[in-house]
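A quick write-up on the structure given underneath.
The values are calculated or read from the model by the stated rules, or taken from the named source; none is laboratory data. These figures come from a predicted structure and were not determined experimentally. Using ideal geometry, Cβ is built from the backbone for each residue, glycine included, and neighbour counts are taken over all protein chains shown. The area values use the complete protein model at the heavy-atom level, side chains included, leaving out ligands, DNA and RNA. Shrake-Rupley method; radii C 1.70, N 1.55, O 1.52, S 1.80 Å.
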Amino acid sequence: MAYRVPDMGSLLVTGGAGFIGSNFVRTACDRVSDRIVVLDALTYAGNLANIRDLVDQGHVDFVKGDICDEALVGQLFRDRGITRVVHFAAESHVDRSILGPEAFLRTNIHGTYVLLQAARSAWGEATTERFLHVSTDEVYGALTPDDPPFTESSPYLPSSPYSSSKAASDHLARSWNHTYGLPVLVTNCSNNYGPWQFPEKLIPLVILNAVEERELPVYGDGLQVRDWLHVEDHCDALLRVLDRGAVGETYLVGGNCERKNIDIVKWICDAVDERLGRAAGTARGLIRHVTDRPGHDRRYAIDASKLRDELGWAPTRTLEEALPSVVDWYLEHRDWATDIRSGAYLDYYDTQYGAR
């Protein structure tokens, strides 16, 4: 049964037009009676089309703006009576962080600081509010094939500008709880997949390139292992943490679904060929192994037993069960994909992979 929460007041979702943020907004509209305010700068990965229907229907109050804008953020807390924050807004792609790390430091670190300060100023010593800081398993670094999965007590060992900036923001969030008593909770999740994902990420990139019969770039040998979590399972977990999680605590959210990148690429190739009525192996013939990116972590895995034991959450989808519907979603929303893949995205694609 879908987890539902009572009215909690006015909910601010930062980055609510991005991939995970927009899926969370859709989930919250269905299961929460809160007033929902979305703050998003609509940079390359934020797309208002992801939630435009909710805005048009009056379910969501959308504000275009930067989380680093102290005046704007402070005004939102004051004018909208914000009592809950779910903080997604971040620069999030490792490849982009390697090419240009400064934006990651600004948004992920300074932007989180601005939000924490605004919440502290607005809420004072109140104890009923909640600030949920959403982060990544990449802050823990890489695992060897025989290592146990990450837990909430795993040491931080970030290895890219992106993961380092997210690690710094995690530390800020926890320190604002410890030092100032701000009611902060932190989640760290594994790789998400699902609808509305910006097509530079592995699964939508492979689906769309396979459809268009473009080359499928695979880093190195493609044997990197990730734990895959359907975004709707993630959103369900976040609602539970927001509603019943213990303030000051961290919860890891994982799909219990470790898979090699190359295996996912091949599965998608076969699924696309089947759906388009093409000869078997057509898409697999597009796979091109490219130079591995610097500092590429070999394996991530998450132990989400704390979330299961304390809040009763568990993933409901395996990758094999969910991927067919994900492939179908991108096939049915090719106009959306075409619109979001702007000239700037294609320029980035050329820089990163060397060819279109």
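Here's the yes/no breakdown for (1) basic (K, R); (2) in a loop (DSSP other than H, G, I, E, B); (3) open to solvent by 60 Å² or more (accessible area, probe 1.4 Å):
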| site | (1), (2), (3) |
| --- | --- |
| R26 | yes, no, yes |
| L39 | no, no, no |
| A45 | no, yes, no |
| A49 | no, no, no |
| L54 | no, no, no |
| V63 | no, no, no |
Number of positions in the range 139-171 that are surrounded by fewer than 24 Cβ atoms within 10 Å (Cβ to Cβ) and in contact with a Lys or Arg (Cβ under 8 Å, 6 or more places away or on another chain): 8
Positions within the range 210-227 being in a helix (DSSP H, G or I) and surrounded by fewer than 24 Cβ atoms within 10 Å (Cβ to Cβ), in sequence order: V211, E212
Any chance E102 is out of contact with any Asp or Glu (no Cβ under 7 Å at 6 or more places or on another chain), closer than 23 Å to S160 by Cα and either without any contact (Cβ under 8 Å) to a residue 60 or more places away in the chain or of a type in the set (G, A, S) (or both): yes
A71 farther than 25 Å from D233 by Cβ and either in a strand (DSSP E or B) or open to solvent by 10 Å² or more (accessible area, probe 1.4 Å) (or both): yes
Residue, most open to solvent (accessible area, probe 1.4 Å), within the range 228-280, restricted to residues that are on the phi > 0 side of the Ramachandran plot and small (G, A, S): G277
Meets criteria (open to solvent by less than 30 Å² (accessible area, probe 1.4 Å), touching a helix residue (DSSP H, G or I) at 6+ places or on another chain (Cβ under 7 Å) and modelled with pLDDT of 95 or more) for I287: no
Of all residues in the range 274-304 being touching a strand residue (DSSP E or B) at 6+ places or on another chain (Cβ under 9 Å) and in a helix (DSSP H, G or I), the one that is farthest from L223 (Cα to Cα): L286
Where a residue in the range 268-284 is in contact (Cβ under 8 Å) with a residue 60 or more places away in the chain and its partner, wherever it lies, is of a type in the set (S, T, N, Q) and open to solvent by less than 50 Å² (accessible area, probe 1.4 Å), with Cβ under 7 Å and at least six apart: D273/T282
Top-ranked residue of the range 305-319 - restricted to ones that are more than 20 Å from the chain's Cα centre (by Cα) and not in a loop (DSSP other than H, G, I, E, B), ranked as surrounded by the fewest Cβ atoms within 10 Å (Cβ to Cβ): D309
Count of residues meeting criterion [of a type in the set (S, T, Y) and part of a loop (DSSP other than H, G, I, E, B)] in the range 119-151: 4
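Matching residues to (1) surrounded by fewer than 22 Cβ atoms within 10 Å (Cβ to Cβ); (2) of a type in the set (S, T, N, Q); (3) under 19 Å from the mean Cα position of the chain (by Cα):
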residue	(1), (2), (3)
D79	yes, no, no
Y113	yes, no, no
L116	no, no, no
S121	yes, yes, no
Residue under evaluation F131, criteria (1) out of contact with any helix residue (DSSP H, G or I) (no Cβ under 7 Å at 6 or more places or on another chain); (2) open to solvent by less than 40 Å² (accessible area, probe 1.4 Å), criterion not met: (1)
First in the range 109-124 and over 16 Å from T179 (Cβ atoms), second anywhere and assigned to a helix (DSSP H, G or I) and among the hydroxyl-bearing types (S, T, Y), Cβ under 7 Å, 6 or more apart: I109/S165; I109/S169
Odd one out for D79 among (1) in a loop (DSSP other than H, G, I, E, B); (2) free of Cβ contacts under 8 Å to residues at least 40 places away in the same chain: (1)
